[in-house]
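Report on the structure given below.
The values are calculated or read from the model by the stated rules, or taken from the named source; none is laboratory data. Here the structure is a predicted model, which is why all the values come from computation and not from measurement. Cβ atoms come from the backbone with ideal geometry, glycine included; neighbour counts cover every protein chain shown.
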Amino acid sequence: MKFILGTKEYMTQIFDGEGNAHPATVLSAGPLTVTQVKTNEKDGYLAIQVGYGSRREKNINKPQLGAFKDLGLFRYLREFKADGEFNRGDTINVSSFAPGDIVEVSATSKGKGFQGVVKRHGFHGGPRTHGQKHSEREPGSIGGGGRAGGRVVKGMRMAGRMGGDRVTVKNLTVLQVDPQKNILVVNGAIPGRRGALVEVRAVTQK
């Protein structure tokens, strides 16, 4: 399985050989260092833990400092499923990817703060006429009889904090790979602000 961690840089457009423009997102990806190998015998599952980025020593807790003192001071630690093809201390970079690979990208979406139902859920609002006023963006009824039993059911779409969720975008295509600059260019938009941590995983073709 191919995977990489990176940060979102900016969006641009890439032209193919036929002159078609493709919207694309540029990622600064890797290199990663394998910090731990999980096994069925010891941990009950197969995975590897990788470290990405760097931090100052004073900002890292003592258990992590002792565990990774021979590998580096990492800003992020993540786990990926793997079947024993990696060893502790191995380096993973963007050279494992190639143009045309199908990937899925996960990141934390931008936080929007407290928003109403029109922006948060796409409600149309109330009518502007027939005796109503100032009801353009109101949610309408939230309870009532019948199945609800006069209560507000769980999952009712209402105003609240919007954004800041983990979002995964699937079926994206790798357009360009630059191992010298650790750059990965993926078509389309991906969630998150500039500088957000991004997880890229290759999709196995059936």
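Scan segment 17-59 residue by residue and report those that are touching a strand residue (DSSP E or B) at 6+ places or on another chain (Cβ under 8 Å), farther than 21 Å from residue 91 by Cβ and either of a type in the set (Lys, Arg) or surrounded by 14 or more Cβ atoms within 10 Å (Cβ to Cβ) (or both).
Passing the criteria: 22, 24, 25, 26.
Could you tell me whether any residue of segment 143-153 is assigned to a strand (DSSP E or B) and either surrounded by 12 or more Cβ atoms within 10 Å (Cβ to Cβ) or in the same structural domain as residue 13 (by TED's automatic domain parsing) (or both)?
no
Only one of (1) of a type outside the set (Asp, Glu); (2) surrounded by 12 or more Cβ atoms within 10 Å (Cβ to Cβ); (3) modelled with pLDDT of 85 or more; (4) not assigned by TED's automatic domain parsing to the domain that holds residue 7 is not met by residue 122, so which one is it?
(2)
Which residue is farthest from the chain's Cα centre (by Cα), if the candidates are limited to segment 180-189 and must be closer than 24 Å to residue 21 by Cα and exposed (fewer than 15 other Cβ atoms within 10 Å of the Cβ)?
In this case the residue turns out to be 181.
When the residues of segment 11-43 are narrowed to those that are modelled with pLDDT of 85 or more and part of a loop (DSSP other than H, G, I, E, B), which ends up nearest to the chain's Cα centre (by Cα)?
The residue in question is 31.
When residues of segment 79-103 are filtered for being of a type outside the set (S, T, N, Q), outside any loop (DSSP other than H, G, I, E, B) and surrounded by fewer than 16 Cβ atoms within 10 Å (Cβ to Cβ), how many remain?
2
Can you tell me which residue in segment 154-174 is modelled with the highest pLDDT, limited to those that are surrounded by 12 or more Cβ atoms within 10 Å (Cβ to Cβ) and basic (Lys, Arg)?
Looking at residues that are surrounded by 12 or more Cβ atoms within 10 Å (Cβ to Cβ) and basic (Lys, Arg), I get 161.
Please state which of the following conditions residue 109 fails to meet, knowing it meets all the rest: (1) under 27 Å from residue 170 (Cβ atoms); (2) touching a Leu at 6+ places or on another chain (Cβ under 9 Å); (3) surrounded by 16 or more Cβ atoms within 10 Å (Cβ to Cβ); (4) of a type outside the set (Asp, Glu).
That leaves (2) as the condition not met.
Report whether or not residue 192 is outside any strand (DSSP E or B), small (Gly, Ala, Ser) and surrounded by 14 or more Cβ atoms within 10 Å (Cβ to Cβ).
When the stated conditions are applied, residue 192 passes them.
Looking at residue 97 and the list (1) within 17 Å of the chain's Cα centre (by Cα); (2) under 30 Å from residue 2 (Cα atoms); (3) not charged (D, E, K, R), which single condition is not satisfied?
Condition (1) is where residue 97 drops out.
Contact list please: Cβ distance under 6 Å, first residue in segment 168-181 and more than 21 Å from residue 15 (Cα to Cα), second residue outside any strand (DSSP E or B) and not hydroxyl-bearing (Ser, Thr, Tyr), pairs at least six apart or on different chains.
Going by the 6 Å Cβ cut-off, the qualifying pairs are 169/190.
Any residue that is touching a residue at least 40 places away in the same chain (Cβ under 8 Å) and under 20 Å from residue 103 (Cα atoms) - is there at least one of those in segment 33-49?
no
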